[in-house]
Amino acid sequence: MTIQMGVQKAFTSSSIGLWWERYCLYLFYFSTIFLVTGYIALLFYALIWEGGNIVSLPTKRIGFYNFCLWNEEAEKLDCLLFNDLEKMGINKVALVLSRICVYSTPVLCLYVATTILQALCLKDKDGWKLACTLLAVCVLSLPAGLSLFLFQTQRWVQISELGAGPAALAGAQALLLLHMVIIGMYLARPKDALPPGEFFPVKSVP
């Protein structure tokens, strides 16, 4: 009777462990889909829909591709050309680098989404490693480009004037960092067995 109860208890605990393992994996994949969708949407909103504008006011519009100040005489926005920015003390090389760093982020994020989709379909753990590496590059490049741009334009950009674009970029940065941490925790786990025909990996019960 004691042996039977021990076997039944071990079977129950292993079933609970297997159920918990499956639950964690489902949660991991669904959170991955949510995070990928979230930061790609925020990046495209800030850089495409908002045109990369950091400040967007009726009297001032400053962004990665716009530098418009209010002209008192003409009573309208006067948009400066790229060559005119150097005369105002803005380093053109730094401006180009900030554009490259910021606008390369959504491109890398699309690669992350493709890599994750491939890793899900092929059950390839190396794909998750590549996705984590690309996310690490995004986590560094996005704030670096934004900081470089704000440093060059700090004379004309006030914190109170920041619009929806910078808020979306900050949200995307938070989601990118969270996603990188989640994938890193997943990769730190022991390698899962992938039974044939299973879309989600499940550890085999000893």
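Figures for the structure shown
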read-out: Output for the stretch 80-104, where each listed residue is within 17 Å of Gly52 (Cα to Cα), modelled with pLDDT of 90 or more and among the aliphatic types (A, V, I, L, M); value: Ala94, Leu95, Val96, Leu97, Ile100, Val102
read-out: Leading residue by the ranking (farthest from Phe149 (Cα to Cα)) among those in the stretch 58-106 that are of a type in the set (Gly, Ala, Ser) and crowded, with 18+ Cβ neighbours inside 10 Å; value: Gly63
read-out: Contacts under 9 angstrom Cβ, first residue in the stretch 57-85 being hydroxyl-bearing (Ser, Thr, Tyr), partner assigned to a strand (DSSP E or B) and surrounded by fewer than 16 Cβ atoms within 10 Å (Cβ to Cβ), 6 or more apart; value: Thr59/Leu69; Thr59/Trp70; Thr59/Leu77
read-out: Checking Val107 against (1) in contact with a helix residue (DSSP H, G or I) (Cβ under 6 Å, 6 or more places away or on another chain); (2) at pLDDT 90 or above, the condition it does not meet; value: (1)
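The values are calculated or read from the model by the stated rules, or taken from the named source; none is laboratory data. On a predicted model such as this, the values are computed, not experimentally measured, just so you know. Heads up, the Cβs are rebuilt from the backbone with ideal geometry, glycines too, and the neighbour counts pull from every protein chain shown.
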